[in-house]
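> Encoded as structure tokens, here's the structure I'll be asking about.
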Amino acid sequence: MEEITVIFHGTNGWYTSKTGYTTCITIDTPDCFIILDAGEGFTKIPDVYLCIKKPALLFFSHFHLDHISGLHTLARCRFEGGLSIYGPPGVQILSGFIGYPYTVPIDELTYPVTITELPEGRSDLCIPVQTAFLVHTQPVFGYRFEFSKTIAFCTDTGPCEGILTLGAGADLLITECAYLPGQENPGWPHLNPEVAVRLATEAGADQLALVHFAADLYTTLDQRLSIRNIGPQFSDVIIGTDDMVIRL
């Protein structure tokens, strides 16, 4: 069985700070190269992967700036197998963002780029993908990818059924931890660590990784790591930090 490599290029929420870049995660599989969101962490990809020859697929959860700002470095990337961009309803707005006056337009890049809106539910791309709506201030998709291992990605969301659906029995559930322990705000839905662990347990996920730590709340990496002190149920939780590598 060939290895799957997950890299957390950006683990901050809202803005880049000394604790990390904004959200971007890559999943390198034998058949394709998957990118989850394109915050400032996206700018690191050309330095880690000098040339990507297999098909590259970029999946957006939603279109807040901290999840799309890295797109201005598409011209640095070498996606020789092309780049296919997918997202929830409204993803076509990116065709205007990737262009003048903001950045190099799609038709001037050195590789082909397509933008496709995904439906809710299952899509068979070069790998099977399942989407579900999450709960946030605008429409947000969570994703479930089925390789030799199953990986779910659910960020910018409050507690919802979509996390349980996508994370069910997953080998790795990557979800957010924008809020501090005990913090809640139903008017701006996000997760705190206790709720994230509860949802992962209910979903039956084998591993839980936390990312998207709000930069104004988690101001040091030690503050993130202190989550382990909440209780024994947090001992196996992966506390995401920039440039962390997970192999499955």
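The values are calculated or read from the model by the stated rules, or taken from the named source; none is laboratory data. Note that the structure is predicted; figures quoted are calculated from it, not measured. Virtual Cβ from ideal backbone geometry, glycine too; neighbours counted across all protein chains shown.
> Being of a type in the set (D, E, K, R), over 25 Å from residue 168 (Cβ atoms) and surrounded by 14 or more Cβ atoms within 10 Å (Cβ to Cβ) is the requirement here; does residue 53 meet it?
So residue 53 fails the test.
> If the requirement is being under 20 Å from residue 130 (Cβ atoms) and at pLDDT 95 or above, which of these qualifies: 240, 182, 204?
The unique qualifying residue is 204.
> Could you list, in sequence order, the residues of region 187-211 that are part of a loop (DSSP other than H, G, I, E, B) and surrounded by fewer than 19 Cβ atoms within 10 Å (Cβ to Cβ)?
Residues satisfying the conditions are 187, 188, 204, 206, 207.
> While we're on this one: For a quick check of your reading of the model, give me the residue pairs whose first member lies in region 102-123 and is on the phi > 0 side of the Ramachandran plot and without any contact (Cβ under 8 Å) to a residue 60 or more places away in the chain, whose second is surrounded by 14 or more Cβ atoms within 10 Å (Cβ to Cβ) and aliphatic (A, V, I, L, M), with beta-carbon atoms closer than 9 Å and at least 6 apart or on different chains.
121/132
> For region 145-165, which positions are out of contact with any Lys or Arg (no Cβ under 9 Å at 6 or more places or on another chain) and surrounded by fewer than 24 Cβ atoms within 10 Å (Cβ to Cβ)?
The answer is 146, 147, 148, 149, 158, 160, 161, 162, 164.
> Hey, among the residues in region 228-244 that are of a type outside the set (S, T, N, Q) and touching a Leu at 6+ places or on another chain (Cβ under 7 Å), which one's surrounded by the most Cβ atoms within 10 Å (Cβ to Cβ)?
Looking at the filtered set, the residue picked out is 240.
> Against the definition (surrounded by 19 or more Cβ atoms within 10 Å (Cβ to Cβ), more than 24 Å from residue 215 (Cβ to Cβ) and of a type in the set (A, V, I, L, M)), how does residue 83 come out, yes or no? Steps first, answer last, please.
Details: surrounded by 19 or more Cβ atoms within 10 Å (Cβ to Cβ): yes; more than 24 Å from residue 215 (Cβ to Cβ): yes; of a type in the set (A, V, I, L, M): yes.
Against the criterion (surrounded by 19 or more Cβ atoms within 10 Å (Cβ to Cβ), more than 24 Å from residue 215 (Cβ to Cβ) and of a type in the set (A, V, I, L, M)), residue 83 qualifies.
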